1. Could you check how many residues of segment 54-72 are of a type outside the set (Lys, Arg), surrounded by 11 or more Cβ atoms within 10 Å (Cβ to Cβ) and either in contact (Cβ under 8 Å) with a residue 60 or more places away in the chain or in a helix (DSSP H, G or I) (or both)?
2. Look through segment 12-53, keep the residues that are loosely packed, with under 14 Cβ neighbours inside 10 Å and in contact with a Phe, Trp or Tyr (Cβ under 9 Å, 6 or more places away or on another chain), and return whichever of them is modelled with the lowest pLDDT.
3. What pairs come out if I take residues in segment 33-50 that are free of Cβ contacts under 8 Å to residues at least 60 places away in the same chain and under 12 Å from ARG20 (Cα atoms) and pair them with residues that are outside any strand (DSSP E or B) and among the hydroxyl-bearing types (Ser, Thr, Tyr) whose C-beta lies under 8 Å away, six or more apart or interchain?
4. Scan (1) over 10 Å from the mean Cα position of the chain (by Cα); (2) closer than 21 Å to TYR11 by Cα for the single condition GLY66 breaks and write down its number.
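The values are calculated or read from the model by the stated rules, or taken from the named source; none is laboratory data. Keep in mind that this is a model prediction, so the values were computed, not measured. Positions of Cβ are generated from backbone atoms using ideal geometry, with glycine treated the same way; all protein chains shown enter the neighbour counts.
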Amino acid sequence: MSTPRTTVPLYVDFALARWRKSSYSGGANDCVEIADLGSQMAVRDSKDVGLRPLVFSRSAVRALVGGIADGLI
């Protein structure tokens, strides 16, 4: 599985990000949350939202989710 490289901005203002978690989450804050940042997606740990989120290109997130759905990951 190959994903194209993209440039991630050095600074992203996460204050305006709208975070959401999976509907499969048990509600115990034991999952990850994702935010749409336009050309990138941010991922953070719902147990420690103070940590800096990881930022990925949309195509990288699409490839990851597709690989999981196809049983490749």
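1. Residues meeting the conditions: 8.
2. VAL49
3. Short answer, once both residue conditions are applied: GLU33/SER46; SER46/SER25.
4. (2)
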